[in-house]
Structure formats: structure tokens, C-alpha cells
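Q: Got a structure for you, written out below as C-alpha cells; questions coming shortly.
Laboratory data are not the source of any read-out in this text; all were calculated from the coordinates shown. In this text, all values refer to a predicted model and were calculated from it rather than measured experimentally. Cβ coordinates were reconstructed from backbone atoms using ideal geometry, including for glycine residues, and neighbour counts include every protein chain displayed.
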Amino acid sequence: MQPNEKTKRFRDFREVEFKTEAREADGGKKELIVRGYPILFNTPTKVWDYWYDEITEVILPTALDSVDLQNVFLLYGHDMNRVLGRSGKNMRLEIDETGLFMECVMPNTQEARDIYNLIEAGIVDGMSFWLRTHDQVNPATLTRTVTKIEELPEVTITAFPAYKETVVIAMEEERRKVLRERQEMARRVEEELKNFN
């Protein structure tokens, strides 16, 4: 049975690595932060397709151009009852040359702290996303080039990353503090030099 080229819509999950950070917020309160790239551009990746089994997929940098990122959720295990974040609330989404960057300040719940600890320990180290697209698989080459994502309802934390090429930078709280102090010192020195001249 072949897919209907005009009406078939995809509900696909993709997975990538991500990391954590703990930083001090106002008043000395500790914030638990996770960040990564749920979507990578121009990265050929083997994924599973309902009709063709394993295919190679590439997401183009233009694929997110018309996607509304104002109401995307961060879930655990694609479970809609386990919400950890929401764009515009405690999660930030940003498109750059690498892909879709995500940063979330985890909520102050026991589940969020438990999940953060699993990530920090390296037990759970993946992210996934749910997309809808009309782009079709080329049956001759078993490839799909995603040119346009119709909808991105959620990104999720998962134990099974597939996009292993992702590079994510995570900074420990102390390193972050030192960096902030160095930046502040450089700013003060620059300001004094301006005043000196």
C-alpha cells in the first residue's frame, strides 16, 4: 500500500542530545536549566518511517520559517500529562544556523528535579520533537528532505537520542559565575578606559 501523496500528514518524532546547567538566580535561588537542539539543519539522519521503514532525512534551514513557536511544550517521553515547560513561559526557542535551540528553566516540582538529576547523571541524555509535514519520501532513494514543518506541538526529553551529531554546551554553576565575573570586570575596565580618554 502506497501513501496518499495529497492527504497523508506525518506525525514524526526525532531525537537529539542535550545537557543541563544549574545556576543561581536572584535571591540565591538555584535554577535547574536544560538546553539543546531538538532540530538540526542539514544533518542527514536515519529515521523510521511508517511506510518505508528506515529512511534518511534532512531538515532544511528554511523548514521552520512559517512555524508558530509561541505555544510549544516541553514534555517528558512525549507524555502530554508530563509537561515541564512552555515557550514564552519558562522555555525559550531560537532558530539559528545550527537548528532550533531550546533552553528551559525547569519548574519547581519533584518530577522536574528528578528528571534534571537523571539528565545530569547522564542516564537520560536525549531530546525528541514531534512535527507535522507534508514532505514526502522519495521511494527511489528512501530519503525525505523536510522543506516545511507545518506544526511543532512539542519537544520532549527522552532516553533514546537519534541525532547523535548534536553538540550542546552546558556550563556548571561555578564556571558560569566565574564567566559572569570576568565579563563584568572587562566591562568595568572598558568603561574606565573610556573615561580616562
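Q: Taking every Cα atom in segment 112-152, find the radius of gyration and the maximum pairwise distance Dmax, and write them in Å.
A: Rg then Dmax for segment 112-152, in Å: 16.5, 47.
Q: Order by neighbour count: Y52, Y116, fewest other Cβ atoms within 10 Å first, most last.
A: If I rank by nearby Cβ atoms, fewest first, I get Y52, Y116.
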